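The values are calculated or read from the model by the stated rules, or taken from the named source; none is laboratory data. Remember, it's a predicted structure, so these values are computed and weren't measured experimentally. Neighbour counts are summed over all protein chains in view; Cβ atoms, including those assigned to glycine, are modelled from backbone coordinates with ideal geometry. What goes into the accessible areas is simple: the full protein's heavy atoms, side chains included, and nothing from ligands, DNA or RNA. Shrake-Rupley method; radii C 1.70, N 1.55, O 1.52, S 1.80 Å.
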Amino acid sequence: MTTTADSASGTGSGTTPGEDTAALARLLDGRRSCRQYLAEPLERSTVETVLDLARRTPSWCNTQPWHIVVTDGDGTDRFRTALLEHLSTAGMAPDFPFPERYEGEYDLRRKECAWQLYEAVGIARGDRAASGRQTARNFEFFGAPHVALVTTEAALGTYGAVDCGLYVQSFLLAAESLGLGAIPQAALAAYAPFIRSYFGLPETRRVVCGISFGRPDREAAANNFRTHRRPVEDTVTWYSG
């Protein structure tokens, strides 16, 4: 495998800065949260390529706090079954507090995303039974053949989790570069104690999120809508002194 030191400078790639920027833009613009997958597992070499790319993520003091559990084949099915059984009898217990509330523009964007999804899959406004079933698909991994569970060390605190967020972005872009689908899921982290117990993780590991991934079902309605992004002028304050 290529080491981080081998690839850090990015020199000698044979591409120009403009080509690299265009390639990055294609990955960022093309990526979307995949909510329906083809059933067959990926080749192990393909998964290893995603992981090899993602491990090059920068981190505070190069601590590289992430440890990833990846399910494969029957392992995914057994985990899916066990998680569904667990959440039918247990409450949520995330390691990192979920948002206290969504207000103002954050609430509007959250609702817009939900209604885009519901409209795409034919769920009528007010049909709480149908929207509940759609939400429950998080715990079926949207039919994905693989799940990556991203964990960090408790002693590294918030910034260990922040570094893991960078890792998640690298993972998503790596998957996109290979034509794969992926979706980061905070929902899975809601059952962190169960995940630690199920996979035999130390008590010092904190579950940040899961990532369901595989080959996307490109015909699925749930995969054929796009969320919006605010323009730069709405998200940046310039200070020139």
Mind checking whether some residue in the stretch 18-38 is more than 25 Å from residue 187 (Cα to Cα), among the basic types (Lys, Arg) and not in a helix (DSSP H, G or I)?
no
Scan the stretch 72-87 and give yes if some residue there is open to solvent by 80 Å² or more (accessible area, probe 1.4 Å), closer than 16 Å to residue 193 by Cα, modelled with pLDDT under 95 and not hydrophobic (A, V, I, L, M, F, W, C), otherwise no.
no
Quick count over the stretch 77-93, residues being among the polar types (S, T, N, Q) and assigned to a loop (DSSP other than H, G, I, E, B), is 2
Does residue 160 qualify as being more than 25 Å from residue 37 (Cβ to Cβ) and open to solvent by less than 10 Å² (accessible area, probe 1.4 Å)?
yes
Starting from the stretch 198-213, take each residue that is basic (Lys, Arg) and list its partners that are assigned to a strand (DSSP E or B) and open to solvent by less than 10 Å² (accessible area, probe 1.4 Å), counting only C-beta distances under 9 angstrom and pairs at least six apart or across chains.
205/151; 205/152; 206/151; 206/152
Taking the stretch 206-230 as the region of interest, how many residues are of a type in the set (Lys, Arg), in a loop (DSSP other than H, G, I, E, B) and open to solvent by less than 80 Å² (accessible area, probe 1.4 Å)?
1
Given 233, 203, which one is open to solvent by 70 Å² or more (accessible area, probe 1.4 Å) and at pLDDT 95 or above?
203
Report yes if some residue within the stretch 183-194 is of a type in the set (Ser, Thr, Tyr) and either open to solvent by 30 Å² or more (accessible area, probe 1.4 Å) or over 18 Å from the mean Cα position of the chain (by Cα) (or both); otherwise report no.
no
For the stretch 94-126, which positions are in a loop (DSSP other than H, G, I, E, B), loosely packed, with under 12 Cβ neighbours inside 10 Å and of a type outside the set (Lys, Arg)?
97, 98, 99, 100, 103, 122, 124, 126
Check the stretch 68-76 and report whether any residue there is within 21 Å of residue 145 (Cα to Cα), part of a helix (DSSP H, G or I) and among the charged types (D, E, K, R).
yes
Within the stretch 165-179, can one find any residue that is in contact with a His (Cβ under 7 Å, 6 or more places away or on another chain), surrounded by 15 or more Cβ atoms within 10 Å (Cβ to Cβ), under 22 Å from residue 72 (Cβ atoms) and of a type outside the set (Gly, Ala, Ser)?
no
Subset of the stretch 50-67 that is assigned to a helix (DSSP H, G or I) and open to solvent by 60 Å² or more (accessible area, probe 1.4 Å) - its residue that is farthest from residue 160 (Cα to Cα)
53
